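To keep things clear, I will list the structure first and then write my remarks on it.
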Number of protein chains: 2
Amino acid sequence: MEEINNIEVVPCTESDYLKPFRVHYNQNGTKKSWDFMRTHDSVSVLIFNTTSHCFVLVKQFRPAVYMCEWEKTKMQPPQSADKTEEGASEAAAAESQEGQSASEGESSSQWPPASAGVTYELCAGLVDKPDLSLEEIARQEVLEECGYDVPASKLKRITSYRSGVGVTGAKQTMFYAEVSDDNCVSAGGGEPREGELIEVVKVPLHEAMTFAYDERIPKTMGVIFSFIWFHNNMSPKYKISTNV
Amino acid sequence: MEEINNIEVVPCTESDYLKPFRVHYNQNGTKKSWDFMRTHDSVSVLIFNTTSHCFVLVKQFRPAVYMCEWEKTKMQPPQSADKTEEGASEAAAAESQEGQSASEGESSSQWPPASAGVTYELCAGLVDKPDLSLEEIARQEVLEECGYDVPASKLKRITSYRSGVGVTGAKQTMFYAEVSDDNCVSAGGGEPREGELIEVVKVPLHEAMTFAYDERIPKTMGVIFSFIWFHNNMSPKYKISTNV
């Protein structure tokens, strides 16, 4: 799907997006400190198209995921292909600070294919507009990313939880939106001005549980959880055939 | 549960834990760049005690979650208590760079209670030992954090997925472990040498689904998803009463 090349990794001394802080504190009388990052809360939306009986997901190239896979490739001795699952070491992280680049010619041996960085996700967005409700922000993401125009009042709150509790601790709120082909006003795909290259994909209802548990399909936990939530809560309304 | 005081926030110019990198690349011919962080993959374990028919979770003070809540408090005008859910702005993040500190006397007005940073989570750990299997790492976490000694062969893989796709993109693998009181060899609580202050908590099976969807109980999506996975997959074996 994607063509990725001319990759170069450099240390990041000043970032508009990643701002590490350190908090010093006393916990039950013991002095401690912790490094963390501020990030915005977020919303995600499970979208179900009632015309085609499909879930509507987004699929995109995620540089952070790609770099994870790249480091595993580096860690992997050519002779033992079964070690890739074991994670990357601090040494590998430090090594990447030196800056690596790959020409197109090199990439087939040094860099994994672009597909290694592509993930399936729920439509989602940051809560970065203080004057808008969570529902309104979710509504805008459904429109921008997936092309469906639905009123905020039709978004059903599923639940909320904490993400990245070690680093960001932000709150994510998950919604459910039923849409129909009549609500489809554009192809979606995100805001090109913001550099978003998002592919809208449909997962038929009858394939959803197989999709959810197929580990060969890279995805977020939000996709898996929300599909199962739908299975448990919407199945009286929309028949779902599954043995999971 | 926790007493937190003498809080001070400072910018973090050099961290052993948070190392931002920048990757430059071409995507379908367009030059792009992305800031990301390297982190280890991780494992998490849903633990079910077959003696007491309880799930075994860990509960701990998470500085990153606490700081999230603190920023919301700062954003919140005293007269409008219903705006706390709306997230914190970049301005607030920048402001915290100036460094804030609170004495015990001040904390009641300026700092939220420690409970604002406490979350319920699955037993979990980083994949930072390249010579160990995921199952073996999970086994060690179950022992260290929760005090149950179970063989790695008894860990059942539930699934895997990507977390923090915007920033880290690490892979998380979730396991299920059945334990009994006979496997309990210590009180758990984590490694005090590593500064872990972990409380082991039990959630009775018959309360699990209510717990999962109660948004007043701060928790990770892993807790919610795994409880529902158990409900769907283990209910023939262990009767679970729920209407969710």
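Taken together, the values in this text are just the output of simple stated rules run on the coordinates, not laboratory data. Keep in mind that what you see is a predicted model, and the values were worked out from it rather than measured. As a convention, Cβ positions derive from the backbone with ideal geometry for all residues, glycine included, and neighbour counts pool all protein chains shown.
Below, the figures for the structure above:
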{"read-out": "Potential extension, B:SER52-B:THR73 segment - 0.36 nm per residue separation minus Cα distance", "value": "3.6 nm"}
{"read-out": "Modelled FRET efficiency - R0 51 Å, A:SER186 with B:GLU207, Cβ distances, 0.05 increments", "value": "0.70"}
{"read-out": "Nearby lysines by direct alpha-carbon distance to A:LYS156 (threshold 18 angstrom, same-chain neighbours under 8 apart not counted)", "value": "A:LYS171, A:LYS237"}
{"read-out": "Candidate lysines - alpha carbon under 20 Å from B:LYS31, same-chain residues fewer than 8 apart omitted", "value": "A:LYS59"}
{"read-out": "In nm, spacing of pseudo-spin labels at B:GLU8 and B:MET234 (7 Å Cα→C-beta vector)", "value": "4.5"}
{"read-out": "Net +/- balance of residues flanking B:PRO20 in space, Cβ distance below 10 Å, scoring K and R +1, D and E -1", "value": "+2"}
{"read-out": "Projected label distance in nm at B:LEU197 and A:ASP149, using a 7 Å step from Cα toward the beta-carbon", "value": "5.4"}
{"read-out": "Number of partner chain Cβ atoms within 10 Å, mean per residue of B:202-211", "value": "0"}
{"read-out": "Residue-averaged beta-carbon neighbours from other chains (10 angstrom radius) around B:121-130", "value": "3"}
{"read-out": "Prolate/oblate/rounded label for region B:149-241 (Cα gyration tensor, a/c 1.5)", "value": "rounded"}
{"read-out": "Amide H partners (placed H, <5 Å) of A:LEU18, local residues excluded", "value": "none"}
{"read-out": "Amide H contacts under 5 Å for B:ARG62, placed H, 5+ residues apart", "value": "B:VAL118, B:THR119"}
{"read-out": "Stretch gain in nm, segment B:ASP16-B:ILE217, where the contour uses 0.36 nm per residue and the Cα spacing is subtracted", "value": "69.2 nm"}
{"read-out": "Shielding by partners, peptide B:8-19 (average Cβ within 10 angstrom, other chains)", "value": "6"}
